[in-house]
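Contents: one structure, followed by commentary.
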Amino acid sequence: MPEVAVTPIPFFCVIGVYIILMAVIGAQASRQTKTMHDYFVLSGKAGFIVSGIAYATTQYSMGTFLGTPGQIYNMGYAGLSITLPGVAFSMLIPAVLIGRKLITLGHREGFLTLSDYLADRYESSNLSGLLGLTMLIFMVPMMGAQIIGTGILVNTFTGLPNWVGVVFMGAVVVAYCMSGGMRGAMMTDVIQGVLMFSAAVVAFILCVKMGGGLTALNAELASLGEGFMTFPGNNGGMPWGFYVSNILMWSFLMMGQPHLFTKFFAMKDHKTMFNSVILATVGMFVSAWMVCWAGALGRPLIGELSNPDYVIPIILQRGLPPVLASIFVAGIAAAGMSTIDGILVTATSAATRDLYQKFINKKATDDQVMRLSKYVTVIIGVIVIIFGCFQPGSIFIINTFGFSGLATFTVPVLFGIYWRKATKPAAYASIIAGMISVVAFTNVPALKAMLHGFHASVAGVAVGSIVMVVVSLLTPKFAASEDTLRRHLLLGQPAGVKD
């Protein structure tokens, strides 16, 4: 594999400035964070710029800037076929189907988490315990995947062991999330979003410039094989099942991700959501298209790589002076940090509010929960750091496993909003059945073969939906009360929420 020159001094200087900036933002956020609503959802006062950038940066991760371009480097332009539909609908579909109702409910009922919504809709406080536990199980791997990516970047550009980057990134994110909660996470997301967007655009421009233009690069890519230019890609890398699954995963199933779900509770009003959708969609599309396109063009530009995940860092390193390359590599690291901070705050709320306050100690006050949250943030952060140091699998596999497990929450959310017959036992059963299905279809060869190329998350949601319908029809006496259904399914216009 072509070596990336080790440039530790510029890298450390840039990262040092970056740490100071994050520390200042975290300290400012801490001073402004007074209540538990502030800590978890910014008291529902986030404007459209912060909301849009925070949603986009939380969704985008190390996979967007390392794993996905690496996959497209291997398969060619077929890999770009999921970028347009996946990005275009990743925020639009959740906003249209659940966003407006969640903003209304969040302001009216004071919801802070996904568990708050589901426990209220299905009239079961114990449901929070199940949700909190399952969130932690799948969120730790998702955070671990991001932190592993930073270890790789630090090793590549400084020569230091991977664990140094893992510990460094974990410590920084824990520090500003512990001090400022969601306010700290969303404020830092704005800086990270600018870095991520810039890194994507610059990587593409460098590709075109170093390769002598798009025409020359495309001609050379075509000479490597017809598969790089056509569907389903080089060596059939993008079969139809995989293609459809990815579009579903990165658009429709985003509704089940607790760390993205919570962003709607933080938005100020419906107009904010509408503007956020536009901002996030445009930003995500441009950055994803540029960085993925650079992945495809990197094949003729760089040549054969033993690890294609490094295609974007290598392009940046070869085309820029060390200091500028370090700045934009920090943008890639920001992709991981922005995902971790959103998930970390959500995981903390799952442990303290959903498990502790609602299940273990129902007499705990909000002030006690807020204080506990700071300690729990550190504990979860340490667990993630240990996970990252051991690196039990590839970034792609770990991240996909975590995402797939959380995607099954889409079932109780959608049925809760749109079907009055959905019952409490059905909610429990659909969550458990969906998660078991994801694990089974991922690891059992015979079941995996039955999917014909579709991803296990699709099977998990399908099984969960069937279970939800069947169990609900069998347990009609456990349906929610008319008062609950009226609040959730027939929403009026509450005070403080504007159209």
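The values are calculated or read from the model by the stated rules, or taken from the named source; none is laboratory data. Bear in mind that the values here come from a model prediction, so they are computed numbers and not experimental data. So basically every Cβ, Gly included, is an ideal-geometry build from the backbone, and we count neighbours across all protein chains shown. All accessible areas refer to the heavy atoms of the entire protein, side chains included, with ligands and DNA or RNA removed. Shrake-Rupley method; radii C 1.70, N 1.55, O 1.52, S 1.80 Å.
A few points about this structure:
- First in region 204-222 and touching a residue at least 12 places away in the same chain (Cβ under 8 Å) and outside any helix (DSSP H, G or I), second anywhere and of a type outside the set (Phe, Trp, Tyr) and surrounded by 17 or more Cβ atoms within 10 Å (Cβ to Cβ), Cβ under 8 Å, 6 or more apart: 211/217; 211/297; 211/300; 211/301
Here's the yes/no breakdown for (1) of a type in the set (S, T, N, Q); (2) modelled with pLDDT of 80 or more; (3) farther than 30 Å from residue 324 by Cβ:
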{"residue": "107", "(1), (2), (3)": "no, yes, yes"}
{"residue": "115", "(1), (2), (3)": "yes, yes, yes"}
{"residue": "119", "(1), (2), (3)": "no, yes, yes"}
{"residue": "137", "(1), (2), (3)": "no, yes, yes"}
{"residue": "149", "(1), (2), (3)": "no, no, no"}
{"residue": "157", "(1), (2), (3)": "no, no, no"}
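- Set 78, 95, 54: member being open to solvent by less than 30 Å² (accessible area, probe 1.4 Å) and touching a strand residue (DSSP E or B) at 6+ places or on another chain (Cβ under 9 Å): 54
- Residue list for region 388-415, filter: farther than 19 Å from residue 60 by Cβ and open to solvent by 50 Å² or more (accessible area, probe 1.4 Å): 389, 390, 391, 392
- Among the residues making up region 444-459, those that are under 16 Å from residue 397 (Cβ atoms) and of a type in the set (Gly, Ala, Ser) are 456, 457.
- Residue count for region 246-278, restricted to those that are surrounded by fewer than 22 Cβ atoms within 10 Å (Cβ to Cβ) and more than 17 Å from the chain's Cα centre (by Cα): 6
- Considering 321, 300, the condition of being farther than 27 Å from residue 194 by Cα, surrounded by fewer than 24 Cβ atoms within 10 Å (Cβ to Cβ) and at pLDDT 85 or above is satisfied by 300 alone.
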